[in-house]
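**Student:** Below is the structure I would like to discuss, written out as structure tokens.
The values are calculated or read from the model by the stated rules, or taken from the named source; none is laboratory data. Since the model is a prediction, treat every value here as computed from it, not as a measurement. Neighbour counts are summed over all protein chains in view; Cβ atoms, including those assigned to glycine, are modelled from backbone coordinates with ideal geometry. Just so you know, the surface numbers come from the protein's heavy atoms only, side chains and all, with ligands and any DNA or RNA stripped out. Shrake-Rupley method; radii C 1.70, N 1.55, O 1.52, S 1.80 Å.
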Amino acid sequence: MAGALQAIISPVLQTVSDSHIKRDLVRCFSEHSHYFRTIEEGFRALTRQRQDPEALCGFFHSWSQTNNSAVTVAGIGNRLTLMLHRGQQVGDERALLRTLTSLDRIIDEDLAVTHRVLHSEMFYRMATDIVGDDRWLLRRYLHPAAKAFKDWKDHNSLRDRDPVIALLTTLTHEIYTHGEVEFILPLFRRWLDEEYGFTDAEIRRTLAWISVHTGPTERDHFFHALSALEHFAEAMDVDIAEYSLDEIVATYLAKKAAVLEHLCLSDAIEVEALH
């Protein structure tokens, strides 16, 4: 039986035109769906009761490192324009421009290009309202599992020599994030209502970061990521069928599940001071 996250993600994947990428995404998310159980259990455990502020600090600081990716997507764009700047041979420069155009559409809302508020400000308000202050920003609250997730994702997106790996990692991130925000919004609403006594207006204000990403937002970001991949393949005459998403999807879900397991399912919240 499909879990909640898979039930949200799968219908979106089914709307993609038949291709190697669609078949690989469907296969990989299905084969590695056991990680969804840990993720779902983690969010349910977090929102089941009122939490100690120290535990919330660890959660919000570490969770933020797994989902705030606008800078990373912008960095991928920088990598592609550096190809032109350095005189690297590009088969179709117009297709490369379309790649950049698609990448930019992923981060319009995050950077307040099309909306009035930076999404980082929305996340700050959500975490600070729930914790009670903004000490969650301290780096000592960064769990090693969250650091490992971000280090891996940044390596794939910004350090791997093959830009296709960056685009495939972005594709995986966008469709997963669509599932996550849709799954957690009702959990967080009930949590703030029943455990913290927030009013309806306070809940809407506090959870704006989650709600703004639900509906078409992250789903559209996934399709922009798919377009970016397709345009890049055209620009550089790359055969995407030569790539498998198995390692990317498996590692992404495993590392995400590890973050939720440590932060929400362990008896103690471990933190690491970064120096």
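**Student:** Which of the helices (runs of 4 or more DSSP H) found entirely inside region 183-275 contain at least 1 residues meeting this: under 18 Å from HIS119 (Cα atoms)? Explain how you work it out, then say what you get.
**Tutor:** Numbers: elements: 200-206, 208-211, 216-236, 246-260.
In region 183-275, 200-206, 208-211, 216-236 are the helices (runs of 4 or more DSSP H) which contain 1 or more residues that are under 18 Å from HIS119 (Cα atoms).
**Student:** Here is a list: ASP239, ASP220. Which entry is surrounded by fewer than 15 Cβ atoms within 10 Å (Cβ to Cβ) and touching a helix residue (DSSP H, G or I) at 6+ places or on another chain (Cβ under 8 Å)?
**Tutor:** Numbers: ASP220 fails: surrounded by fewer than 15 Cβ atoms within 10 Å (Cβ to Cβ).
After applying the criteria, what remains is ASP239.
**Student:** Another one. Six or more apart or on different chains, Cβ atoms under 7 Å: show the pairs whose first residue is in region 181-200 and at negative phi and whose second is open to solvent by 40 Å² or more (accessible area, probe 1.4 Å) and among the hydroxyl-bearing types (Ser, Thr, Tyr).
**Tutor:** LEU185/SER211
**Student:** Given the criteria at pLDDT below 95 and either assigned to a helix (DSSP H, G or I) or loosely packed, with under 14 Cβ neighbours inside 10 Å (or both), does ALA45 qualify?
**Tutor:** Against the criterion (at pLDDT below 95 and either assigned to a helix (DSSP H, G or I) or loosely packed, with under 14 Cβ neighbours inside 10 Å (or both)), ALA45 does not qualify.
**Student:** Here's another thing I want to ask about it. Hey, any hits in region 157-165 for a residue that's touching a Gly at 6+ places or on another chain (Cβ under 7 Å), at pLDDT below 95 and on the phi < 0 side of the Ramachandran plot?
**Tutor:** Taking every residue of region 157-165 in turn, none turns out to be touching a Gly at 6+ places or on another chain (Cβ under 7 Å), at pLDDT below 95 and on the phi < 0 side of the Ramachandran plot.
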